[in-house]
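Notes to accompany the following structure.
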Amino acid sequence: TLRERHPRLNDDVYVYAPDGPDVGNFLRMVESFNRRADNPTRWKLHVRRTGEPMARLIEERAGDVVILSGRNDIKMQSIGRLHAEGFYVLGDKPWLIGAGGLDVLRAATASPPLAMDIMTERHQIATELQAALLRDAQLFGEFRRDRAEPALFFKSVHHLYKIVNNRPLVRPHWFFDTAVQGEGIMDVTTHLVDLSQWFSASDALLTYERDVELQAARQWATEVPLDIYTQITGLDSFPQAVRAQVRGDTLHYRCNAAIDYRMAGVPVRIESLWNLRIPQGGGDTHYAVARGTRATLIVDQGPETGYLTRLSVHPAGNRPVDERALARALDALQSRFHGVGFFRDGPVMRLDIPGALRTGHESHFAAVLDRFIGYIDAGRWPPTIAADLVVKYTLLARARELAQRG
């Protein structure tokens with residue numbers, strides 16, 4: 001969120017954290033933003049290294065907005081306390097790692113000030129276009145609910161060892177402790193559940209009891225050898241907290257997940273996977289399918305697309321894609337997505353997305369921050385934010401329980 005300056009934010013940033021490598025890595029990253037040659041930031045960091053960061057923050061009240069990241073096991077309690085003290089809170093996902101914080105979540109979202117999580121996937125250009133086009137009934141039709149495959153399918157692949165801002169991302173040792181970080185269902189899966197809510201019922205006030213039907217859930221491990229673990233964390237041995245998941249010199253990290261459910265009546269399947277490291281020249285991958293009665297919209301990102309997201313419109317069954325409906329839909333979107341066009345590739349229509357509209361994943365954090373600040377300035381925000389948070393984390397918590405039973 002500090003990668004870019006924000007015109008409505010003061011450059012003074014107050015950092016509250018326990019002393020140690022986590023805060024040190026964070027400060028080095030922010031300073032690299034300040035020192036870069038191209039469009040440097042001008043953050044002035046005021047660092048409070050303390051064993052009681054929350055108490056110190058509340059006592060000093062140096063600002064109105066708290067951006068919260070770090071350990072997931074205490075995050076929901078922290079958000080609840082900050083909300084009760086009158087701070088606006090923008091919190092990194094996931095907010096909780098089990099069902100234990102659901103009551104705090106409901107309380108923190110029931111009234112002002114605004115508490116919002118950082119859902120960057122909504123700001124990816126191909127995903128934004130996919131969400132817009134599936135709402136065009138002439139092009140997409142309705143979600144297909146009578147087939148064996150889900151109407152919405154999302155699959156993402158991330159990597160434990162990765163490069164951020166041209167530097168290896170050093171993960172804290174607790175990242176691999178599922179009692180702190182959470183298991184696979186409670187991590188990246190939050191983004192995919194969020195997309196299923198946005199696609200299936202963007203303007204509806206969802207409730208878990210009425211709108212969600214959980215059908216299946218499972219989790220499994222990625223094997224992390226000690227040498228790779230050392231490259232990621234900087235530690236030369238596995239800490240005691242994860243020893244129960246170590247076999248020989250390999251950590252079995254339960255970070256992969258799959259969930260089947262219905263959201264507002266729409267069948268959904270989600271898979272989120274973690275590989276060890278990004279292959280040479282590669283990157284994270286994303287695959288999203290929205291099946292309609294008139295067309296199927298597919299976003300793919302992988303080796304075949306040069307790791308750029310690509311949106312394609314496919315025929316639904318024997319029905320060809322309605323080119324005139326697609327042209328009309330894109331014409332109506334030009335004010336938001338200037339220059340987007342399409343071209344034919346056999347029976348498939350590929351969208352042509354200008355490079356100027358393609359922004360990297362790290363810039364999407366700044367987009368979330370801008371939306372958050374905009375809501376604060378306006379003094380109002382959509383009620384769907386609170387409803388979506390409660391439904392999303394309730395679904396994830398229940399799916400985790402189901403996976404553990406299975």
Flagged in the stretch 370-383 as closer than 19 Å to GLU121 by Cβ and in contact with a strand residue (DSSP E or B) (Cβ under 7 Å, 6 or more places away or on another chain), in numbering order, are PHE372
For the stretch 14-44, which residues satisfy the criterion of being touching a Phe, Trp or Tyr at 6+ places or on another chain (Cβ under 8 Å) and not in a helix (DSSP H, G or I)? VAL15, ALA17, PRO40, THR41, TRP43
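Does VAL170 satisfy the condition of being open to solvent by less than 20 Å² (accessible area, probe 1.4 Å), outside any helix (DSSP H, G or I), farther than 20 Å from VAL391 by Cβ and out of contact with any strand residue (DSSP E or B) (no Cβ under 6 Å at 6 or more places or on another chain)? Working first, answer last.
Numbers: open to solvent by less than 20 Å² (accessible area, probe 1.4 Å): no; outside any helix (DSSP H, G or I): yes; farther than 20 Å from VAL391 by Cβ: yes; out of contact with any strand residue (DSSP E or B) (no Cβ under 6 Å at 6 or more places or on another chain): yes.
Spelling it out, it is not the case that VAL170 is open to solvent by less than 20 Å² (accessible area, probe 1.4 Å), outside any helix (DSSP H, G or I), farther than 20 Å from VAL391 by Cβ and out of contact with any strand residue (DSSP E or B) (no Cβ under 6 Å at 6 or more places or on another chain).
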When both residues are 6+ apart or on different chains and their Cβ atoms are under 6 Å apart, which pairs have a first residue that lies in the stretch 308-337 and is closer than 24 Å to PHE154 by Cα, and a second that is of a type in the set (D, E, K, R)? ARG310/ASP300; SER312/ARG350; ALA316/ARG294; ALA329/ASP136
Can you tell me how many residues within the stretch 20-48 are under 20 Å from VAL170 (Cα atoms), open to solvent by 60 Å² or more (accessible area, probe 1.4 Å) and modelled with pLDDT of 95 or more? 2
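Given the criteria under 23 Å from LEU311 (Cβ atoms) and either modelled with pLDDT under 95 or out of contact with any helix residue (DSSP H, G or I) (no Cβ under 6 Å at 6 or more places or on another chain) (or both), does ARG171 qualify? Step through it out loud before you land on a result.
Values: under 23 Å from LEU311 (Cβ atoms): no; either modelled with pLDDT under 95 or out of contact with any helix residue (DSSP H, G or I) (no Cβ under 6 Å at 6 or more places or on another chain) (or both): yes.
Considered against the rule, which asks whether it is under 23 Å from LEU311 (Cβ atoms) and either modelled with pLDDT under 95 or out of contact with any helix residue (DSSP H, G or I) (no Cβ under 6 Å at 6 or more places or on another chain) (or both), ARG171 comes out as no.
Working only within the stretch 233-249, note down all residues that are hydrophobic (A, V, I, L, M, F, W, C) and in a helix (DSSP H, G or I).
Within the stretch 233-249, the subset hydrophobic (A, V, I, L, M, F, W, C) is 235, 238, 241-242, 244, 246.
Residues satisfying the conditions are ALA241, VAL242, ALA244.
Within the stretch 45-82, can you find the residues that are assigned to a loop (DSSP other than H, G, I, E, B) and of a type outside the set (S, T, N, Q)? Break it down stepwise before answering.
To start, the set of residues in the stretch 45-82 that are assigned to a loop (DSSP other than H, G, I, E, B) comprises 50-52, 61-64, 69-74.
Matches in the stretch 45-82: GLY51, GLU52, ARG61, ALA62, GLY63, ASP64, GLY70, ARG71, ASP73, ILE74.
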Within the stretch 211-231, take every residue that is over 16 Å from ASP177 (Cα atoms) and assigned to a strand (DSSP E or B) and give me the one that is most open to solvent (accessible area, probe 1.4 Å). ARG218
If you check every pair at least six apart or on different chains, which have Cβ atoms under 6 Å apart with a residue in the stretch 238-260 that is of a type in the set (S, T, N, Q) first and a residue that is surrounded by fewer than 17 Cβ atoms within 10 Å (Cβ to Cβ) second? GLN245/HIS252; THR250/GLU223; THR250/PRO225; ASN256/TRP220
Going by the structure shown, is LEU105 surrounded by 22 or more Cβ atoms within 10 Å (Cβ to Cβ), among the aliphatic types (A, V, I, L, M) and assigned to a loop (DSSP other than H, G, I, E, B)? no
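When you go through ALA366, ALA332, ALA356 one by one, which is the residue that is modelled with pLDDT under 95 and either open to solvent by 50 Å² or more (accessible area, probe 1.4 Å) or touching a Pro at 6+ places or on another chain (Cβ under 8 Å) (or both)?
Details: ALA366 fails: either open to solvent by 50 Å² or more (accessible area, probe 1.4 Å) or touching a Pro at 6+ places or on another chain (Cβ under 8 Å) (or both); ALA332 fails: modelled with pLDDT under 95.
Step by step, each of ALA366, ALA332, ALA356 is checked, and only ALA356 is modelled with pLDDT under 95 and either open to solvent by 50 Å² or more (accessible area, probe 1.4 Å) or touching a Pro at 6+ places or on another chain (Cβ under 8 Å) (or both).
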Counting just the residues of the stretch 369-400 that are open to solvent by 60 Å² or more (accessible area, probe 1.4 Å) and part of a helix (DSSP H, G or I), which one comes out farthest from TRP198 (Cα to Cα)? ASP377
Name the residues in the stretch 174-190 that are open to solvent by less than 20 Å² (accessible area, probe 1.4 Å), under 22 Å from LEU102 (Cα atoms) and either in contact with a helix residue (DSSP H, G or I) (Cβ under 7 Å, 6 or more places away or on another chain) or not in a helix (DSSP H, G or I) (or both), would you? VAL180, GLN181, GLY182, GLU183, ILE185, MET186, ASP187, VAL188, THR189, THR190
Residue check, ARG49 in contact (Cβ under 8 Å) with a residue 60 or more places away in the chain, in contact with a Phe, Trp or Tyr (Cβ under 9 Å, 6 or more places away or on another chain) and farther than 20 Å from ARG371 by Cβ: no
Can you find a residue in the stretch 131-142 that is among the charged types (D, E, K, R) and either buried (at least 18 other Cβ atoms within 10 Å of the Cβ) or touching a strand residue (DSSP E or B) at 6+ places or on another chain (Cβ under 6 Å) (or both)? yes
For the stretch 232-247, give me each residue that is over 19 Å from VAL170 (Cα atoms) and open to solvent by 80 Å² or more (accessible area, probe 1.4 Å). GLN240, ARG243, ARG247
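The values are calculated or read from the model by the stated rules, or taken from the named source; none is laboratory data. For clarity, every value in this text was computed on a predicted model and none was experimentally measured. Cβ atoms come from the backbone with ideal geometry, glycine included; neighbour counts cover every protein chain shown. Ligands, DNA and RNA are excluded from the accessible area calculation, which covers all protein heavy atoms including side chains. Shrake-Rupley method; radii C 1.70, N 1.55, O 1.52, S 1.80 Å.
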